[in-house]
Amino acid sequence: MSNRDVVVDALRELVDALDRRVAQVERLGEARIAREAAGLRKEALRRIQELTTASSDRDTREAERSGGAMTDEGGPPRKDV
């Protein structure tokens, strides 16, 4: 598992924990806590999207670069005359 995958998994766990949290409306400062939790959740989701999109874009570029560059024999493609 890559470092990126570890970070994405940790961020998903964070989002899940924030989703499970129940607001304690009777507690002092709860409105601020809920606001900050919502901001943290939004930022975590943005970062997950950023990391997973960057990964799939990189994989696509690598596949495009390697596709057709070499024949099965390991040499450059031959041009039939």
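The values are calculated or read from the model by the stated rules, or taken from the named source; none is laboratory data. The model shown is predicted, which means the values in this text are computed figures rather than measured ones. For neighbour counting, all protein chains shown are included, and Cβ atoms are generated from backbone atoms with ideal geometry for every residue, glycine included.
Here are a few things to note about the model shown:
- The residues on offer are Ile33, Ile48, and the sole one that is part of a helix (DSSP H, G or I) and either touching a Pro at 6+ places or on another chain (Cβ under 9 Å) or under 24 Å from Asp59 (Cβ atoms) (or both) is Ile48.
- The set of residues in region 37-62 being touching a residue at least 24 places away in the same chain (Cβ under 8 Å) and not small (Gly, Ala, Ser) consists of Leu40, Arg41, Leu45, Arg47, Ile48, Leu51, Thr52.
- Pick from region 24-74, criterion at pLDDT 75 or above and small (Gly, Ala, Ser), ranking: nearest to Glu13 (Cα to Cα): Ala44
- Boolean, Arg41 is part of a helix (DSSP H, G or I) and either small (Gly, Ala, Ser) or surrounded by fewer than 12 Cβ atoms within 10 Å (Cβ to Cβ) (or both): no
- Of the residues making up region 15-32, those that are surrounded by 11 or more Cβ atoms within 10 Å (Cβ to Cβ), out of contact with any Lys or Arg (no Cβ under 8 Å at 6 or more places or on another chain) and hydrophobic (A, V, I, L, M, F, W, C) are Ala17, Ala23, Ala31.
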